Amino acid sequence: MPKSQRIAYACGACGARVPKWVGQCPECGEWGSMEETAAPPRQAAGPGGGASAGARRPAMPALKIGAVSGEQAASLPTGIGEFDRVMGGGIVPGGVTLISGEPGVGKSTLLLEVAHRFGEAGYGRALVATGEESAAQVRRRADRTGCLSEELYLAAETDLGAVLGHIDDVKPGLLVLDSVQTVLAPDTDGVPGGVTQVKAVATAITQEAKARNMAVILVGHVTKDGNIAGPRALEHLVDTVVHFEGDRHSMLRLLRGVKNRFGPSDEVGCFEMTEDGIVSLADPSGLFLDDAPTEPTPGTCVTVTMEGRRAVPVEIQALLGKSVKDGAVPRHTVSGLDLARLNMILAVLTRRSGMRMLDREVYATTIGGLRVREPASDLALALALVSADQDIAVSADLVAIGEVSLTGQVRRTVNADRRVSEAARLGFKTAIVPKGSVSERHRIEVVEVETINDAKQAAARTWARRG
């Protein structure tokens, strides 16, 4: 590096700059992440100590808010219902979206479908620029999924200048860049995927999107912790951030909104991965309920969880093994549930209900691969454990909603009316809920309880009546 060029250090985790090397980033606290880089050149000061006077003239005068048109921010629906739900109605011209997810979860497949639908709807051309695969590989996926719109263009590029050249030639209304970590900005220091490179590429593409009123979707890698790789500033540059998640061994995929300047940021879209591509699931309830048994089975109970603004019923199953010998540690295993909350429920049932649970092997899971972390599922998990212990099945048309405290009390949960309403829509007959949590009338029998023992008695009465 020339002596005339100043040296700075940038954090490889968050992009923060410091004038000299330090062992720990002062912004994010990451150790050993500071990398040598060139410091930005100083700008000549103008009158008042700022930039030159000519650079301070705005390109357009400020307008009264009533004179500003909102038509440019109108969404263009793609016809993929769950995608449009999360995006706030569809794709916004000039908007930049960042989508992240684990490798192999189906991001490229989903976005190829989005680009195909964009072209088929007559909104203009769609350009898919991929640095992850060759154009032939993308074409083979397009043949399999039927994404062969005449307005869909492909380009396999890893050079930012080449990508911008394709934009000049194709003039697309939608650009899909897969992925931002594989593109190199030749005029910027660093390697592809580094903090400086990722920020430079995202900035250049964002400026192009705003200048051309072109919608852009950037694909981002994730770290081993599940966070978006690259500087935190990347999420601030874009208008929308969504995560595409799911177990590659399961059919279920969830598109979860994190940030959205054009709509709600807490929406969740449900998809099913099939041999022919990714299919929207407007009503995913069937994936999370076990319909195989013809009769109620001991060790199962249904609850209603909230995924964003959507109420989703999910079946929780529990299996109790043998008691371990003195001094041995029993095995407690969960899939789709929080192990800490399982251990807490076991302790509550042991202490408040007189049941012997802590010294037994316990296995608990959810149906369909859905991850349930909210406390509202506590009551259903507790009833599933009681059902497994007593070998008596909970009624198949009963749902249980509520948080269980360490005192054995059943506490209120948010959106209780919405959960009960969804259970009634799906044909459930009885809902066990915390006392005072439901304020509306529903087409379902609502049983209010105060303690875990009240819930056990209510479930037993309901099963006896319907059995």
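The values are calculated or read from the model by the stated rules, or taken from the named source; none is laboratory data. Just so it is clear, the model here is predicted, and its values are computed rather than measured. Heads up, the Cβs are rebuilt from the backbone with ideal geometry, glycines too, and the neighbour counts pull from every protein chain shown. Protein only, heavy atoms only, side chains kept; ligands, DNA and RNA dropped before computing areas. Shrake-Rupley method; radii C 1.70, N 1.55, O 1.52, S 1.80 Å.
Key figures for this structure:
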| item | result |
| --- | --- |
| Looking only at the range 435-445, and only at residues there that are of a type outside the set (D, E, K, R) and more than 29 Å from the chain's Cα centre (by Cα), the one that is nearest to Arg411 (Cα to Cα) | Gly436 |
| Unique residue being open to solvent by less than 10 Å² (accessible area, probe 1.4 Å) and within 30 Å of His442 (Cα to Cα) when the list is Pro298, Pro313 | Pro313 |
| Scope the range 266-278; condition open to solvent by 40 Å² or more (accessible area, probe 1.4 Å) and part of a loop (DSSP other than H, G, I, E, B); matching residues | Asp266, Glu275, Asp276 |
| Only one of Leu319, Leu281 that is open to solvent by 30 Å² or more (accessible area, probe 1.4 Å) and either under 16 Å from the mean Cα position of the chain (by Cα) or under 27 Å from Thr462 (Cα atoms) (or both) | Leu319 |
| Scope the range 167-195; condition open to solvent by 10 Å² or more (accessible area, probe 1.4 Å), over 14 Å from Ala126 (Cα atoms) and over 26 Å from the mean Cα position of the chain (by Cα); matching residues | Leu184, Pro186, Asp187, Thr188, Asp189, Gly190, Val191 |
| Neighbours by Cβ (under 8 Å, 6+ apart or cross-chain): first from the range 85-113, closer than 24 Å to Arg232 by Cα; second assigned to a loop (DSSP other than H, G, I, E, B) and of a type in the set (Ser, Thr, Tyr) | Met87/Ser75; Gly88/Ser75; Ile91/Ser75; Ile91/Thr78; Ile91/Tyr123; Val92/Ser75 |
| Candidate set from the range 369-408 (those that are in contact with a Lys or Arg (Cβ under 6 Å, 6 or more places away or on another chain) and outside any helix (DSSP H, G or I)); member that is surrounded by the most Cβ atoms within 10 Å (Cβ to Cβ) | Ile401 |
| Selection status of Leu319, at pLDDT 95 or above and part of a strand (DSSP E or B) | yes |
| Candidate set from the range 226-261 (those that are in a strand (DSSP E or B) and charged (D, E, K, R)); member that is surrounded by the fewest Cβ atoms within 10 Å (Cβ to Cβ) | Lys259 |
| Flag for Gln409 being without any contact (Cβ under 8 Å) to a residue 12 or more places away in the chain and closer than 24 Å to Leu346 by Cβ | no |
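For every residue, the table says whether it meets (1) within 24 Å of Lys259 (Cβ to Cβ); (2) among the polar types (S, T, N, Q); (3) crowded, with 20+ Cβ neighbours inside 10 Å.
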| residue | (1), (2), (3) |
| --- | --- |
| Val86 | yes, no, yes |
| Gly95 | yes, no, yes |
| Glu102 | yes, no, no |
| Val105 | yes, no, yes |
| Leu111 | yes, no, yes |
| Ala126 | yes, no, yes |
| Ala135 | no, no, no |
| Arg141 | no, no, no |
| Cys147 | no, no, yes |
